[in-house]
Amino acid sequence: GSRSRVFLDDFRAKAESTIRQPTHIGHYRFNPETLVGSFDEGAGGQVFLWTQLGATRTPEKHPYAMGADLAWGTGGSQANNSAVEVIDLVTMEQVLEFVTNTMPPPKFAELCVSLARWFHNAYFAWEHMGPGGEFGKRVLEIGYTNVYRRTVNEASTNSHRKKTKLVGWTSQNQEIREGMFTGLSMAVVDGQLVLRSKSLVEETCQYIFEDGKIVHSGSKRSEDGA
């Protein structure tokens, strides 16, 4: 079948030009009961920051948007990663990246909510499919409400359709998926969004069109089945 790249040379050139080493590398730790967290700088940490921290060791008080992609967190060399990225909505720069393959969805949800609060109650979106259902359930149990909600049609008791709001986005619809990738590409090329992470840029460049559908060129069935 036919194959072509989703993100073209203009995207790659622009994205690679804005890659930077993190300002801070360390660990984010939070109280499992209160979800109050803090950043501890140190080599070997999995949290990358591209922002300065104030006297209270917290990010600048800007509006932020946060997105997460979920896996089952089973660990192992072939397990898919869960990842969370944060964008500063004033500068439109990526300011955080955290990636793990060992954290199950409910625990990852707790970490993400704690991070969202640390980033001054960031607007939060995640993919609902697969482990995202279990993840979203935990976010709602915690009570974090500044989240993306999609409008869907549901059958009501009198057989009519009604619209409702459900948390999390879905990429099952090819049109939505293409729109998301196109929007990301245009924003980066036009300088409206600045990516800092080398691994994130490399990941985006692995997406291709295959027989009219967007797929990840390096994808293979992983140990966690995602």
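How many percent of the accessible area of the chain is carbon or sulfur, using a 1.4 Å probe?
Values: 6050 of 12240 Å².
Answer for the chain: carbon and sulfur cover 49 percent of the accessible area.
Between Glu134 and Asp40, what FRET efficiency comes out of the Förster formula 1/(1 + (r/R0)^6) with R0 = 45 Å and r the beta carbon distance, rounded to 0.05? Walk me through the numbers on the way to the answer.
Values: r = 28 Å, r/R0 = 0.62.
In this case the efficiency is close to 0.95.
Please check: in the Gaussian network model of the chain (C-alpha springs, under 10 Å), which one of Asp88, Asp69, Asp211 has the largest mean-square fluctuation.
Asp211
Identify which of Phe108, Phe135, Phe209 has the largest mean-square fluctuation in a Gaussian network model of the chain, with springs joining Cα atoms closer than 10 Å.
Judging by the Gaussian network model, the answer is Phe209.
With every protein chain left in place, what is the accessible area per residue of the chain in square angstrom, probe 1.4 Å?
54
Report, by chain and number, residues whose modeled amide H sits under 5 Å from the one on Thr170, excluding near sequence neighbours (fewer than 5 apart, same chain).
Residues meeting the amide H criterion: His128.
When the chain is treated as a GNM, springs tying every alpha-carbon pair under 10 Å, which of Glu175, Glu60, Glu85 comes out with the largest mean-square fluctuation?
The residue with the greatest mean-square fluctuation here is Glu175.
Starting from 0.36 nm per residue, how many nanometres of slack lie between Thr164 and Arg29 once their C-alpha separation is accounted for?
Working it through step by step, the gained length comes to 45.1 nm.
For Arg177 and Lys213 in one chain, what is 0.36 nm times their gap in residues minus the Cα-Cα distance, to one decimal in nm?
12.0 nm
With a cut-off of at most 14 other beta carbons within 10 Å, and DSSP calling the residue loop, which trypsin sites (Lys or Arg not before Pro) in region 17-67 qualify? Please list them.
Arg20, Arg57, Lys61
Between Ala13 and Ala187, what is the spin-label point distance in nm, taking each point 7 Å from the Cα along the Cα→C-beta axis?
Reported label-point gap for Ala13 and Ala187 is 2.3 nm.
Val36: accessible area at probe 1.4 Å, nearest 10 Å²?
Answer for Val36: close to 100 Å² accessible.
The values are calculated or read from the model by the stated rules, or taken from the named source; none is laboratory data. Since the model is a prediction, treat every value here as computed from it, not as a measurement. With ideal geometry, Cβ positions are generated from the backbone for all residues, glycine too; neighbour counts draw on all protein chains shown. The accessibility values were calculated without ligands, DNA or RNA, using every heavy atom of the protein model including side chains. Shrake-Rupley method; radii C 1.70, N 1.55, O 1.52, S 1.80 Å.
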